[in-house]
1. Determine the calculated [θ] at 222 nm for the chain from helices alone, applying -39500 (n - 2.57) to every DSSP H run no shorter than 4 residues and normalising by the residue count; nearest 500 deg cm²/dmol.
2. Within 10 Å of each residue's Cβ, count the other Cβ atoms and sort 37, 183, 2 from fewest upward.
3. With a 10 Å cut-off between alpha carbons and a GNM built on the chain, which of 140, 85, 42 moves the most?
4. Rounded to the nearest 20 Debye, what is the dipole magnitude of the chain about its Cα centre when Lys and Arg each give +1 and Asp and Glu each give -1 at the C-beta?
5. Once you've got the Cα coordinates, tell me which of 33/94; 37/94; 94/136; 2/37 are over 19 Å apart.
Amino acid sequence: MKDFSIRCATFGAGPTAPILAIAAIAFDPVSGKLGNKFYCTIELQSVLKPGVFLIDPESVSTWMGRTTEARSIFHLKPNVPRHTIATALDELNKWIWSQGSEPPHAWGDLAVLEYAYRAGAIGLQPAWHNTGRREKDSLIDACRVLFGMGELPDSKPGVLDDLRDAAELQATQVQMMYAFMAKAKAAKPAKHKPVVTEDDEI
């Protein structure tokens, strides 16, 4: 599989926000299949760099108001080691490359990830590069304008309690849109070429 849905938990809203965790899942947008998953949490010390990663004060209040399950991201877990931001991004790259030999397509929180590569993992480049960037919101707009698609399930802004669920939901939404476009294309009447008769050729 060459498509990857990637979501990040952050301490802010913009691309300079500190990343707390990264979740990803490989998927095939055409067949509807879901593949292997990736998840890691980040050592806070590696992203709490004044002037580099910027915390949004409102995000602190937002996190405090989240469920216990959501806030568990801040607690150490025996089977979920924490990584520095540089190590986490390196591991993400290695995981993506291990899923196949084709150039990868990445969907999701790419702006915050690409900033983290530049600011916190100097020397590393995102596995997807510029040609592999995919935008779910742009695809949603195209499906609505061109094909009359309605609302996707759970497509309204919001945060799921488990970041891994959010990555899987995003992959599923992309697959639904691909299926919707394929159905719309199949339903479109085919254009028939006019039949030329002998009289027409005179």
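Quick note: the coordinates plus some simple rules give every number you see, no bench work behind them. Here the structure is a predicted model, which is why all the values come from computation and not from measurement. Positions of Cβ are backbone-derived with ideal geometry, glycine not excepted, and every protein chain shown enters the neighbour counts.
1. Dividing the helical sum by the residues of the chain leaves -11500 deg cm²/dmol.
2. 183, 37, 2
3. Among 140, 85, 42, the largest mean-square fluctuation in the Gaussian network model of the chain belongs to 140.
4. Values: 22 positive and 24 negative charges, 98 e Å.
Taking the Cα centre of the chain as origin, the dipole is about 480 debye.
5. Cα-Cα > 19 Å for 33/94; 94/136; rest within.
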